[in-house]
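Everything on this sheet refers to the single structure shown next.
The numbers here are math on the coordinates, done by the rules we state, and not lab data. If you're wondering where the values come from, they're calculated on a predicted model, not measured in any experiment. Here the Cβ is made from the backbone with ideal geometry for all residues, glycine too, and neighbour counts use every protein chain on show.
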């Protein structure tokens, strides 16, 4: 059997591990379920060795690190769960052979085990999060690779050399590409906000859906930089391991906390052993993709009527924008909205449904354009054509779309005793760090819980001085 037929793309937020996140890990339920699907496929494949590339392993900018350790261990102690420990045997022979192959090809590489500063045998969370779902008991030997900042082409070549090493040694190898997508999807994202972040995620997911790993090397550098990705080099390396024409199946995409998480299977064996069909010949199935952490049920709302003549002005603008863009690829230059109750500028979310199923949802927490109308036009186009979970809306779907526009009211400073999680969302700030939580969320029934979650999202520790803002949300149909 070919060595390069099994690959997994996995996100790595520690909070999705129940020992770390507790009930909060449920926010990433789509990613969790997808990783369990990948784990079942991996068990059926039963590899001789798992090779994993982590963006958080110790790394050199100008060389690849390969850990030849005979054993590797790690825990989630730094994330408050010291009892969640994991141990794996290494595969020194495979690691050493790979190291020698890179050196012979003139690719700068080093043995992590020879440098005490590199903590050989210590597993970072970029390894532990995926493996805690895929192989929590340490069933298979593990070899850890560090990415570098050498050209993308060299990363792809490293993947090819992993496959060659496996073939020479007669190893059945599963390659795990650990990495998140954009870190700047929303205003409260830990790395800040960029309107290009959704474009980056859409591009990466689309390339993976079509098995075009080589295309990942040619993404617009400005979009890559704006999105703040961490997993792109891991994915490119996986593409080298798989070779040209590898089928793929995206299992999930979601964007909680302003960070994009994609889980995917790649390679004939990986997909077949999961009992799935590949999707590289066409767009992915919307049912396999989870909704990101965008508002769905606002705390307050004013309905402007149903679709058609009674449709509210702001929704009519979203609809005409989508129709014009999908049919003509033209962007409307909107006039100012006439409804006096609407603010001049605001963050908005445009959500699309078809036959009762979500068809797209993109939004902004705070305004990014000069007028509310421009904000709606931008987010309507993004929702229809750039939501990474779905293929672009086609002309035949335009008559069936149910469109809603959520308008976020301006946040106002408040005291903590003025918060109400059912009525108000909250923004907690401490210096440059800001954490936002929307109103009326399941499981958030008291102010203390609401504030604690917002603080954790911002990385604000208990006891640090912080300020509060509250906001409301209105929905238009």
### Message
Shape verdict for region 123-223, please, from the Cα gyration tensor: rounded (a/c under 1.5), prolate (a/b greater than b/c) or oblate.
### Response
oblate
#### Entry: Over the chain: helical MRE at 222 nm, DSSP H runs n ≥ 4 each giving -39500 (n - 2.57), nearest 500
-9000 deg cm²/dmol
### Query
Length gain on complete extension for the stretch residue 446 to residue 467, per 0.36 nm per residue less the alpha carbon to alpha carbon distance?
5.8 nm
### Query
At residue 417 and residue 96, where each label point lies 7 Å from the Cα along Cα→Cβ, what is the point-to-point distance in nanometres?
7.0
### Task
Indicate the gyration tensor shape class of region 412-472 (rounded, prolate or oblate), computed on the Cα atoms with a ≥ b ≥ c the square roots of the eigenvalues: a/c under 1.5 is rounded; otherwise a/b larger than b/c is prolate and the rest oblate.
prolate
### Message
Just to be sure I understand: of the beta bridges DSSP finds with both ends in the chain, what percent are antiparallel, rounded to 5?
### Response
75
### Query
Against the longest alpha carbon principal axis of the chain, how many degrees, from 0 to 90 and to the nearest 10, is the axis of helix 197-209 turned?
50
### Summary
With label points set 7 Å from each Cα along the Cα-to-Cβ direction at residue 43 and residue 396, the distance between them in nm comes to 4.0
### Message
Using alpha carbons only, how many angstrom separate the centre of region 186-203 from the centre of region 126-140?
### Response
28
### Query
Where in region 379-422 does the label zone of residue 344 land, with the point 7 angstrom along Cα→C-beta and an amide N cut-off under 17 Å?
409-411
### Query
How much of the calculated P(r) for the chain lies past 37 Å, in percent of all Cα pairs?
30
### Message
How tilted is helix 92-104 with respect to the longest principal axis of the chain? Cα atoms for both, answer in degrees (0 to 90, nearest 10).
### Response
80
### Message
Can you sort 193, 424, 253, 152 from fewest to most other Cβ atoms within 10 Å of each residue's own Cβ?
### Response
152, 193, 424, 253
### Whole-Å distance, taken between Cα centres, linking region 1-65 and region 387-403
31
### Task
Measure nothing fancy, just the Cα-based angle from helix 125-134's long axis to the longest principal axis of the chain, in degrees from 0 to 90, nearest 10.
90
### Query
Where in region 147-165 does the amide nitrogen come within less than 20 Å of the point 7 Å from the Cα of residue 191, taken along Cα to Cβ?
147-153, 155-156
### Message
Tell me whether region 136-178 comes out rounded, prolate or oblate; compute the Cα gyration tensor, take square roots of the eigenvalues as a ≥ b ≥ c, and use a/c under 1.5 as the rounded threshold.
### Response
oblate
#### Entry: Contour minus Cα-Cα distance for residue 168 and residue 62 (0.36 nm per residue)
35.5 nm
#### Entry: Ranked 466, 230, criterion: other C-beta atoms within 10 Å, fewest first
466, 230
### Task
Would you mind ranking 357, 160, 144 so that the residue whose beta carbon has the fewest other beta carbons within 10 Å leads the list?
357, 160, 144
## Note on the structure
Each label sits 7 Å from Cα toward the beta-carbon; between residue 85 and residue 23 the label points are separated, in nm, by 3.0
